[in-house]
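Notes follow once the structure below has been shown.
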Amino acid sequence: MPNLQQVFSEVGYAHFLVLGAILFAIGVGGVLLRRNALIIMMSIELMLNAGNLTILTFARMHGDLGGHSFAMIVMAVAAAEIAVGLAIVVAIFRGRRHIDVDRLNILKH
Amino acid sequence: MTARIAIVFLALGLLGGAHAFAQPAAPTAVRVDQPAPVPVEVRPPARAATPAGKGITKRDQAESPKLQPTTAAGKRTKAGLAFAFWGFAALTVFGSLFVLTRRNLITAVMGMVGTFFALAALYMLLYAHFLAVIQLLVYAGAIMVLFVFVIMILNKPEDEPFAQSGRFGKFLAGLAMVYLVFRLGAVLVDVPSHGSAAQIAAQNAAPALTSDGFAWGSTAAVGWNLFNEYLFPFEAVSILLLIAVVGAIAISRPFKQDEQDTPSEAAAGGH
Amino acid sequence: MDTIKFLWVVPLLPLAGAFINLMLAKRLARQTVHFIAVASVAASFFTALYLCVGPLREAYGVWKANGEQGAFGLTEHLWTWIQAGDLKLDMALRLDTLSSVMVLIVTGCSTLIHIYSTGYMADEPRYAAYFGYLNLFTGAMLILVLGANMPVMFIGWEGVGLCSFLLIGFWFENESFADAGRKAFVVNRIGDFAFLLGMFLLWWATHEVDGGKSLDFAVLRSVGESNSGIYEQVFWGRERLAAAAGILLFIGAAGKSAQLPLYVWLPDAMAGPTPVSALIHAATMVTAGVYMIARLSFLFAASTTAMAVVTTVGALTALVAAFMAFAQTDLKKVLAYSTVSQLGFMFVGVGTGNWSAGVFHLMTHAFFKAGLFLGAGSVMHGMNGSGDIRIMGGLKKYMPITRLCFLVYCLAIAGFPLTSGFFSKDEILAGAWAAHLDGWPAFYGKLIWGVMTVTALGTAFYMWRLYFMVFEGPYRGHDQVEHPHESPPAMTVPLVILAVLAAFAGFIGIPHVIHVQGVLGDIGHFLPHWIGRSVKEMPEGHLSDSMTWVLLAIATAMGLLGIGLAYLLYGKGPSPLVDRFTAGPGKSLYEASKNKLWIDELYDSVFVKPFRALARGTFEIVDRFMIDTVLVNGSAFAVATCSRILRWVQNGQIQRYLVGLVLGCAAIFLWTSRSDGPSFSYREVPGGVEFRANPGHGLRAGAQVQWDFDGDGQPDPGETSAVVVKRLGDVASRVTLYVVDPVWGRRDERGQPKNRVTVTQAVRLSDDRASDDAATGGGAR
């Protein structure tokens, strides 16, 4: 078991990785637990950012700038996804006057 | 109900068992005072090497005194780094917890913005300067603003924040998520540090300049990398953005019956 | 063994007729149908006649001239039916003296009955089916009679059982008639099962003997004669094999020929059309059992136990059936019981070793019983289908021809002197009196004789009761049937022919005491000699001439006594004496007789009801519950439940999908991230043993290994490669492999790997002696 004092005082790559994992987990929790579609989309954004953090950590670890390019592209994709997603949310709201995912289930079997 | 409890226990048992399996088998005969076998050289990876983070044990410290900062400035740098990290990490997590728990949507959005700010700071710590700024501009500046717009449009009153249906499945998913994080942590704990002291010291130093002479992580460096090696993905992403724009417009167009021209007008106005 | 040609025509013609009639039933006109049917059977009769009078007689002459060596018979081998290992069964037909008699009886009676049926069944809508079945029956019976080995006989055996079912239940729209057909088939089947067992037993006994590899009758007989122990070997308890086989086969005969306890189908079989009763249940099918025993005379002769069983059962049956016939009021039922009783006579005949007497009685019985049934049919036809003798009486003025023929038949069955029945019955009685087989008590033959004599008295009585009630006295049926009428010539002509036969056919079997000289003598004593050529000779009983005359006289007296009693009581219709008797002192006897001794009811409660309950229980449990509910509905339920569970996955809520995703991800981690533990394997190569270490998956190539070969518990220095070859002598019985994982293993303070993974295996080498030799320095290697 590593020394706790060292863990706290000597910040290394592992810390970033674990932080990314925790952020990702919180994002998953947000998607699963919240009822409002907008919050769910924000949680998805959180997951994407956790991924960004992780890849940047590995880029620093290996000195590879490709990670930065990757992270850029991820951001672009996230932006595109948000645009379309929010348009869909607005469209749903127009039709149903609510965006409660508990009630949005007509795409079932 | 009892079925669900049983499933939970089963899942926990599986997790524990699988974790035990996933470990290399526990030592059955530990011989401490053996003449040490000749260690076979592990070929170090091509680039700069393994992290000198959590894996550092006392032995490594003993053998690589260079790792311990000796100067006061060095000690302060190390402490400052730790402070910064923990502070921003805490801000990140708190912000995301806001998203998870707040009923008021605007509050959630604000939390999210805080997260993004902290993340940008963390990117700075990772020498990803360009991306830190881009993060602020794109995420906190554009995407969150878009969220605020949509929230204003929808103007829904607050309601019960947490989803009610399918709670058992979500509970299982939560357990699975915890397990995954735990596995990640276990991997990180198990990976020992490698390399000699000099290698570790070199790793902790600031990154070297790129081959084109730019600072690592700067705009120019990222730009060179992006437009030279990853040009095709860049162009593809551009098209993706175009598609997204068109799609967003298409989805948010008003319905046909709202604005249908009457046939006579169309005929009169047409050819 | 001599061969004969065209014997196959005899059974084939009726079968072909059956085929045509059954296949083309709807399209043929009535005339065509009965023409085909009658013509085929008649042609079969004439062919058989030709074959008997021609080739058979010639061969007989040749055989006699050659000093009567071996058994006499002509066979025709048609094709090889089954050949599997030891078993070789041929489809072969045999014509010898015994089967010649039978074949002529069968075809002759069948022809007459076919002709009769054209009149009797004239109004029947399923005309073609009827004649088809009748032809089919005749064909099957001929196969039975002409079969040269037991399996072919069994084909015919089963065939007649089938046709009996088809014909008894011919008017199956009536539920009770259909039941009667089923009853016949089921009871027959019980007998058939025993027949099969007997046949298998014979096979078992003979197939290891050289030359005994088929169930040919001739072969079975010669095997028995050449290896005398075969049939006499002790088989079960203290009984011989022949006893066991004989009793089993007799049970089969009891089923087919309606003896106790399997006779119950025959009275019910009267539900079928009367010509069917005449053909099947008088002349042919029921005689199959007697024929079979005569055929296997050598087998039965080898066991007096079996013969005792046959005789006893036959006698009892005769007595009991006669008893039951006293109180019956249906014309055909009386005749049915009479048939059972007369069959008992026949079995007594063959059971006492008097094979030819049994067959002789079979022949005469065929004539007069078939005639009786046809006459009954004629009466019923005249009475518009009713067979109740209580409403008949005085029919002699309405149906003179029928009455005359009926009279002749009744004389014959009662044993009136010089009728055929007289000679045949007397033969049996005399044979019973004189029978003295090994192991039988001395008085036994005489006891049987007494029983049969009493039965003969009873026979005469109830038959003449029947005659008087039907034809004499005042006509009692004016309310029911105004004008009884005589039958058409198609029906009366066969009656006449049969009456002639019943009257005069006995003259070919005159007992020896009546000495007739010359050609007439040859004819007169013809039948016993003729049949005797095919059956096993039994030791002559001691019967002096005077005793024979005495017995003859007693038999005649019994017959006349019976007729007289019947005349007394029924001469002018049922007399008040009878009513007083049956209401008063004879009431219980009368009830017992009328209710057939309640045997049907007994069978019903002992066998049928429990079986029905068992069937119902099986249906409920196995069919309804296990198959329907558990298997069919259960599998549907299982599928539905599984699908209900799986439907959970996709309910339209996106959060559910993410749950699935996360769970799947965790599952992948769970299942794919186990690492094999290290292990090692070894094999022997020239030069020693090769050990190969397998560090386990997930480890890099740089895994460090150490071995411990000498069993001291410490890793051996210098052995660090993954593949090591050691000499045999250097390897201990337990070898240990130490593996250090350079990447994933933990380190202690000095940077040395902290945990080694240890694997210890017991090493078993093929050749411990070699290792010892190696240890001592010598050795093969």
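Taking amide H positions as placed 1.01 Å from N in the peptide plane, with prolines and chain starts having none, which residues 5 or more places from C:Asp2, or on another chain, fall under 5 Å of its amide H?
C:Gly73, C:Thr75
So what is the calculated 222 nm ellipticity per residue for the protein assembly as shown, using -39500 (n - 2.57) for each DSSP H run with n of 4 or more, over all residues, to the nearest 500 deg cm²/dmol?
-20000 deg cm²/dmol
Just want the answer: with Cβ charges of +1 for Lys and Arg and -1 for Asp and Glu, which residue in A:Ile92, A:Ile26, A:Ala14 is farthest toward the dipole's positive end in chain A?
A:Ile92
If R0 is 30 Å, what FRET efficiency do you get for C:Asp545 and C:Arg57 from their C-beta distance, rounded to 0.05? Walk me through the numbers before you get to the answer.
Working: r = 32 Å, r/R0 = 1.06.
FRET efficiency, C:Asp545 to C:Arg57: 0.40.
Which ³J(HN,Hα) values, rounded to whole Hz and listed in residue order, are derived for segment C:118-135 from phi using the Karplus coefficients 6.51, -1.76 and 1.60 in 6.51 cos²θ - 1.76 cosθ + 1.60 with θ = phi - 60°, glycine and proline given as x?
4, x, 5, 9, 4, 9, 6, x, 8, 4, 5, 5, 4, 5, x, 5, 5, 5
Can you pull the one-decimal nm distance between simple spin-label points at C:Thr3 and C:Glu591, each 7 Å off the Cα toward Cβ?
Distance between the two pseudo-spin positions: 6.7 nm.
With only Lys, Arg, Asp and Glu charged, each at its Cβ (+1 for the first two, -1 for the last two), find how big the charge dipole of segment C:117-256 is about the Cα centre; round to the nearest 20 debye.
Roughly 180 debye for segment C:117-256.
How do the peptides C:665-671, C:126-132 rank, highest first, by the average count of neighbouring beta carbon atoms within 10 Å per residue?
Highest to lowest by the protection proxy: C:126-132, C:665-671.
Please report, in whole Å³, the volume per residue of the convex hull around the C-alpha atoms of chain C.
Hull volume normalised by residue count: 326 Å³.
Longest segment of chain A with no trypsin sites (Lys or Arg not before Pro) in a DSSP loop having at most 15 other Cβ atoms within 10 Å? Can you show the working numbers first?
On the way: sites that count: A:Arg97, A:Arg103, A:Lys108.
It runs A:1-96.
Could you please report the charge total around B:Gly169, scoring K, R as +1 and D, E as -1 over all other residues with beta-carbon less than 12 angstrom from its beta-carbon?
Cβ neighbours under 12 Å give a net charge of +4.
Binning at 10 Å from 0, report for segment C:428-473 what percent of all alpha-carbon pair distances ends up in each bin.
The percentages, shortest bin first, are 27, 33, 20, 14, 5, 0.
With +1 on the Cβ of every Lys and Arg and -1 on the Cβ of every Asp and Glu, and nothing else charged, how large is the dipole of the protein assembly as shown about its Cα centre, in debye rounded to the nearest 20?
For this selection, approximately 2820 debye.
What would the Debye equation give as log₁₀ I(q)/I(0) for segment C:618-679 at q = 0.17, 0.19, 0.24 Å⁻¹, counting only Cα atoms as equal point scatterers?
Results for segment C:618-679 at q = 0.17, 0.19, 0.24 Å⁻¹ read -0.74, -0.79, -0.96.
Using Cα-only point scatterers and the Debye equation, what is log10 of I(q)/I(0) for segment C:387-543 at each q in 0.20 Å⁻¹, rounded to two decimals?
The computed values of log10 I(q)/I(0) come out as -1.25.
In sequence order, what are the phi-derived ³J(HN,Hα) couplings for segment C:140-151 according to the Karplus relation 6.51 cos²θ - 1.76 cosθ + 1.60 with θ = phi - 60°, rounded to whole Hz, with x for glycine and proline?
Along segment C:140-151, the couplings run 5, 5, 5, 4, 4, 6, 8, x, 8, 9, 5, x Hz.
If only Cα atoms are counted, what is the Rg of segment B:122-194, and what is its Dmax, in Å?
When restricted to Cα atoms, segment B:122-194 yields Rg and Dmax of 19.7, 56 Å.
Expected output is a single nm value to one decimal: the length gained when fully extending between C:Ser643 and C:Tyr657, i.e. 0.36 nm times separation in residues minus the C-alpha distance. What is it? Working shown, then result.
Working: separation 14, 0.36 × 14 = 5.04 nm, distance 1.72 nm.
Length gained between C:Ser643 and C:Tyr657: 3.3 nm.
Using modelled amide H (1.01 Å from N, peptide plane; none on Pro or chain starts), what sits under 5 Å from the amide H of C:Arg240, excluding residues fewer than 5 places away?
Amide H neighbours of C:Arg240, under 5 Å, 5+ apart: C:Phe235.
Picking from C:Trp671, C:Trp236, C:Val313, whose Cα lies most toward the positive end of the charge dipole for the protein assembly as shown (charges on Cβ: Lys, Arg +1; Asp, Glu -1)?
The residue sitting most towards the positive pole is C:Trp671.
About its Cα centre, how strong a charge dipole does chain C have in debye, to the nearest 20, once Lys and Arg get +1 and Asp and Glu get -1 at the Cβ?
So the dipole magnitude of chain C works out to roughly 1820 debye.
Identify the residues of segment A:48-86 with backbone N under 11 Å of a label point that sits 7 angstrom from the Cα of B:Ser238 along the Cα-to-Cβ direction, or state none.
none
What is the order of A:His15, C:His365, C:His34, C:His485, fewest Cβ neighbours within 10 Å to most?
Working: A:His15 21, C:His365 30, C:His34 25, C:His485 12.
Fewest to most other Cβ atoms nearby, the residues stand as C:His485, A:His15, C:His34, C:His365.
Semi-axes, largest first, in whole Å: what does sqrt of 5 times each Cα gyration tensor eigenvalue give for segment B:103-255? List each step's numbers first, then the result.
Working: eigenvalues 267, 153, 54 Å².
Here the semi-axes work out to 37, 28, 17 Å.
Compute for the protein assembly as shown: radius of gyration divided by Kirkwood radius, i.e. Rg/Rh, restricted to C-alpha atoms, rounded to two decimals.
1.34
How long is the gain from C:Thr80 to C:Arg189 if the chain were fully straight, where each residue apart is worth 0.36 nm and the alpha carbon distance is subtracted? Walk me through the numbers before you get to the answer.
On the way: separation 109, 0.36 × 109 = 39.24 nm, distance 2.67 nm.
Gain on extension, C:Thr80 to C:Arg189, equals 36.6 nm.
In a shell of Cβ-Cβ distance under 12 Å around C:Phe131, excluding C:Phe131 itself, what net charge do Lys and Arg (+1) and Asp and Glu (-1) give?
Neighbourhood net charge equals +1.
If you keep only loop residues by DSSP, which GluC sites (Glu not before Pro) in segment C:17-126 have at most 15 other Cβ atoms within 10 Å of their Cβ?
Values: sites: C:Glu58, C:Glu68, C:Glu76; in loops: C:Glu68.
Hits after loop and neighbour filter: C:Glu68.
What is the spin-label model distance, in nm, from A:Leu104 to C:Leu87 if the labels are put 7 Å beyond Cα along the C-beta direction?
The modelled label-to-label distance comes out at 7.7 nm.
Return the sequence-ordered ³J(HN,Hα) values of segment C:456-471 in whole Hz as given by the Karplus equation 6.51 cos²θ - 1.76 cosθ + 1.60 applied to θ = phi - 60°, using x for Gly and Pro.
Computed from phi, the couplings for segment C:456-471 are 4, 4, x, 4, 4, 4, 6, 5, 6, 3, 4, 4, 5, 5, 8, 9 Hz.
For segment C:284-366, what is the convex hull volume of the alpha-carbon atoms per residue, in Å³?
Values: hull volume 5.7 nm³, N = 83.
Residue-normalised Cα hull volume stands at 69 Å³.
Do the alpha carbons of any pairs in C:Lys256/C:Lys332; C:Lys88/C:Lys256; C:Lys446/C:Lys594 sit beyond 24 Å of each other, and which pairs?
Numbers: C:Lys256/C:Lys332 19 Å; C:Lys88/C:Lys256 27 Å; C:Lys446/C:Lys594 30 Å.
Violating the 24 Å limit, Cα to Cα: C:Lys88/C:Lys256; C:Lys446/C:Lys594.
Based on the Cβ-Cβ distance from C:Asp179 to C:Asp623, what FRET efficiency comes out when R0 is 22 Å, to the nearest 0.05? Mind showing how you got there, number by number?
Working: r = 23 Å, r/R0 = 1.05.
Calculated value: 0.45.
At R0 = 30 Å, how high is the FRET efficiency between C:Phe607 and C:Val454 if r is their beta carbon distance? Nearest 0.05 is fine.
0.50
What's the average, rounded to a whole number, of partner chain beta-carbon atoms within 10 Å of each residue's beta-carbon in A:52-62?
6
If I take the Cα coordinates of segment C:172-292 and project them onto the principal axes, what are the three extents in Å, biggest first?
The Cα atoms of segment C:172-292 stretch 54, 29, 18 Å along the principal axes, largest first.
For segment A:9-109, what D do you get in µm² per second when you plug the Kirkwood radius from alpha-carbon pairs into Stokes-Einstein at 20 °C and 1.002 mPa s?
140
Along the charge dipole of the protein assembly as shown, Cβ charges K/R +1 and D/E -1, which of C:Met270, C:Leu136, C:Tyr60 sits furthest on the positive end?
Positive-end residue among those listed: C:Met270.
Around A:Arg34, which amide H atoms from residues at least 5 apart in sequence, or from another chain, sit under 5 Å from its own amide H, with H modelled in the peptide plane?
B:Ala163
Any read-out appearing in this document is the output of simple, stated calculations on the displayed coordinates, not a laboratory observation. None of these values were measured; they are calculated from a predicted model. With ideal geometry, Cβ positions are generated from the backbone for all residues, glycine too; neighbour counts draw on all protein chains shown.
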